[in-house]
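Worksheet for the structure shown next.
The values are calculated or read from the model by the stated rules, or taken from the named source; none is laboratory data. Please read these numbers as outputs of a predicted model, since none were measured by experiment. Virtual Cβ from ideal backbone geometry, glycine too; neighbours counted across all protein chains shown. Ligands, DNA and RNA are stripped out before the accessible areas are found, and what is left, the full protein with its side chains, is counted by its heavy atoms. Shrake-Rupley method; radii C 1.70, N 1.55, O 1.52, S 1.80 Å.
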Amino acid sequence: MTVITHKRRKSRLTEMIDKPGGISIGVALSQAQANIEERRAPSLEAVAEMLQTLLALEPPTSLEDNFDRLLEVYRGTNAIIDVVSPFGLIEVCEAGAHLCNLVDAAPAGEMFDWRIVTVHAQAMQMLLRLPDDADEDRRTVLASLQKVQKPHGPSLDD
């Protein structure tokens, strides 16, 4: 019989709060937010490069190539979601997640409509360029993606 032991580890934040003379939760959260904001600009630059890479992918020419390219799209889009999520860019995450869902739902043995990748990457670029107070514009971009996607797979609401 195999015995698995699990050693509980405390996060750095928990250790900072718990030790005598440690910092308060409010201060710790403020520091964490400042650290996140400090990483925003370089992170968004990296995302811009990732989106350019997605847009530069050549459409597949064979079914075997189709699978490999879709795998690249899926991995690249997941990386984008991972990078933007700490910054509260929910709409970019939604557009990226839906592209992943469409790729995941792509029927085996059929070529994927590459325009879907292009439109989603361009939409994510647009969402990143919109000012923080452009909520209506963000909803419009996502609604436009909804119209493009309906014949091809799950809707944004799925």
Original post:
Give me the pairs: first residue in the range 107-123 and without any contact (Cβ under 8 Å) to a residue 60 or more places away in the chain and under 21 Å from ALA48 (Cβ atoms), second residue of a type in the set (A, V, I, L, M) and surrounded by fewer than 17 Cβ atoms within 10 Å (Cβ to Cβ), beta-carbon distance under 7 Å, and six or more apart or on different chains, which are they?
Top reply: VAL119/VAL148
Subject >> Only listed residue being on the phi < 0 side of the Ramachandran plot and either of a type in the set (Ser, Thr, Tyr) or within 21 Å of the chain's Cα centre (by Cα) (or both), chosen from GLU45, GLU15, GLU58 >> reply: GLU45
Subject >> So LEU44, is it touching a residue at least 60 places away in the same chain (Cβ under 8 Å), open to solvent by less than 80 Å² (accessible area, probe 1.4 Å) and within 30 Å of ARG12 (Cβ to Cβ) >> reply: yes
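Quick grid of which residues meet (1) aromatic (Phe, Trp, Tyr); (2) in contact (Cβ under 8 Å) with a residue 24 or more places away in the chain:
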{"site": "LEU13", "(1), (2)": "no, no"}
{"site": "ALA48", "(1), (2)": "no, yes"}
{"site": "THR61", "(1), (2)": "no, no"}
{"site": "LEU71", "(1), (2)": "no, no"}
{"site": "VAL84", "(1), (2)": "no, yes"}
{"site": "PHE87", "(1), (2)": "yes, yes"}
Original post:
Of the conditions (1) farther than 23 Å from ASP133 by Cα; (2) in contact with a helix residue (DSSP H, G or I) (Cβ under 8 Å, 6 or more places away or on another chain), ALA105 fails just one. Which one is it?
Top reply: (2)
